[in-house]
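J.: Structure in structure tokens, see below.
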Amino acid sequence: MTKQTIYVSASYLKNTNCWRKFFYSNVERIALKTASSHLEAAQNYGQAMGIFLDAYHCGVPYNEAIEPACVWLAARENNLPVGEFRDSAHLRCAAAGYVKEVPYTFFKPAFDKLSNKRRIQGTFEILFWENDYYRIVLCGTIDMVAEYAGIPEVIVDDKTSGARKEQFFWQYEHGIQPMFYSYCEELRNPRGRYLPFLVNAILVKKPTLKAAKEGRGWDGAIYERSTLFEFSQPMMEQFKFWLYGKLDKIKAFCELPDVAKDRFEEDFDLATCYPQGYIQGCPYTALCRLGTAAERAAAIEYLYERGEDSPTIKALKQK
């Protein structure tokens, strides 16, 4: 019998605030068939920027690093929605600005001793637990482990976003991703300490004509880095306690008898997140508003599609 793998990444852990959402996204692996065209454009732009950054941080000159990224993005921008600015021309300018702001020597990628390759764009999948039917796997993608500001090893997470600076960094200061990545890195490569974490952000917007007229040049992106997130042993023990509490609840689902599993989705309290979920744009609100399991099953077939790849493999395929 083929085991089903339940992938647990930092972003998927956010879904554990609503176990129905976790069930749909991680166990059933369903997603809306049609996503927002602006959201798709933002995701494509971010992936293209990632293609450029991976090459640039490996020492590839700008002209050689930007071309594959622009070609990749241009192939996906035929039907951009009206007002969408994140295209290959914008990418080229944003990348050029990044090169001026962040020279080659700013980050010095570490080398993996086993592969003798730079620690850039490394995916990980760590088996946490399994039984005869399920596997629980911790997963993610570490953009870079590099020397930064005199510190030999720092986990660097490249992010491209349209959010404002204050809003953008707040989600990391109060989120779980920095600790999750540092914890998983220590599991994979034990050092007896937890690596600090840095967000390397490119915050993009539509360039203004005013800036060009005033001689300030192209102003479609700003380049910022977060403060360095450092983790003490007591902090990580608290995080581990929280993480294992979440994982134990997932294990409890995996150990349910088949009859109980059939009722797992049905037994959630549908009133707990609606209308909050609707306001926050939860993709599963359309299901939670329905009264019976039969209605939800029909809606799933009509509105959603199922995925099979792990988040890390899917990310690599998209590139």
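J.: Past the 21 Å Cα-Cα mark, which pairs from Lys14/Lys240; Lys100/Lys205; Lys33/Lys246?
T.: Over 21 Å Cα-Cα: Lys33/Lys246.
J.: Same structure, new question: With contacts defined as alpha carbon pairs under 8 Å and 6 or more residues apart, what's the relative contact order of segment 38-106 in percent?
T.: Worked out over segment 38-106, it gives 40 percent.
J.: Can I ask one more? Once a ≥ b ≥ c are taken as the square roots of the eigenvalues of the Cα gyration tensor of segment 118-172, is the result rounded (a/c under 1.5), prolate (a/b larger than b/c) or oblate (a/b not larger than b/c)?
T.: oblate
J.: Does segment 77-234 come out rounded, prolate or oblate, given a ≥ b ≥ c as the square roots of the eigenvalues of its C-alpha gyration tensor, rounded meaning a/c under 1.5 and, failing that, prolate meaning a/b above b/c?
T.: prolate
J.: Under 5 Å between amide H atoms, partner at least 5 residues away or on a different chain: which partners does Lys205 have, H built in plane at 1.01 Å?
T.: Ala221
J.: Also: To two decimal places, what compactness ratio does segment 38-106 give when its Cα radius of gyration is scaled by 2.2 N^0.38 Å?
T.: 1.09
J.: With charges set only on the Cβ (+1 for Lys and Arg, -1 for Asp and Glu), what does the dipole of segment 134-176 come to about its Cα centre, in debye to the nearest 20?
T.: Dipole size: approximately 240 debye.
J.: If you don't mind, there's one more thing I want to ask. Just to verify a number: FRET efficiency for Thr227 and Lys100, C-beta to C-beta distance, R0 = 30 Å, to 0.05?
T.: For R0 = 30 Å, the calculated efficiency reads 0.85.
J.: Could you list Ile6, Ile151, Ile51 in order of exposure, starting from the residue whose Cβ has the fewest other Cβ atoms within 10 Å?
T.: By the 10 Å Cβ count, ascending: Ile151, Ile51, Ile6.
J.: Tell me, what HN-Hα J-couplings in whole Hz come from the Karplus equation 6.51 cos²θ - 1.76 cosθ + 1.60 at θ = phi - 60° for each residue of segment 99-104, using x for Gly and Pro?
T.: Values, residue by residue: 4, 5, 7, 10, x, 3 Hz.
J.: Here is a further query. Using a simple spin-label model with points 7 Å from Cα along the Cα→Cβ vector, what separation in nm is obtained for Glu64 and Trp170?
T.: 4.3
J.: Relative to the present Cα-Cα distance, how much length would full extension add between Lys33 and Glu186 at 0.36 nm per residue of separation?
T.: Length difference between fully extended and current span is 51.4 nm.
J.: When a footprinting reagent is the concern and you count Cβ atoms within 10 Å, what order do His38, His90 take, fewest first?
T.: His38, His90
J.: Using only the alpha carbon atoms of segment 159-219, find the Kirkwood hydrodynamic radius as the inverse mean reciprocal pair distance, in angstroms to one decimal.
T.: Hydrodynamic radius (Kirkwood, Cα pairs) of segment 159-219 is 14.3 Å.
J.: Work out the FRET efficiency for Lys206 and Leu303 from their Cβ-Cβ distance, taking R0 = 35 Å, and round it to the nearest 0.05.
T.: The pair Lys206/Leu303 has a calculated efficiency of 0.65.
J.: So which residue, out of Ser232, Ser37, Ser115, gets the largest mean-square fluctuation from a GNM of the chain using Cα contacts under 10 Å as springs?
T.: The residue that fluctuates most here is Ser115.
J.: Over all directions, what mean area does the Cα convex hull of the chain project, stated in square nanometres?
T.: That works out to 19.2 nm², a quarter of the Cα hull's surface.
J.: Shifting gears a bit: So how far, in whole Å, is the C-alpha centre of segment 9-66 from the one of segment 136-166?
T.: 14
Coordinate-derived values only; no laboratory data. Please read all numbers here as calculations on a predicted model, not as lab measurements. With ideal geometry, Cβ positions are generated from the backbone for all residues, glycine too; neighbour counts draw on all protein chains shown.
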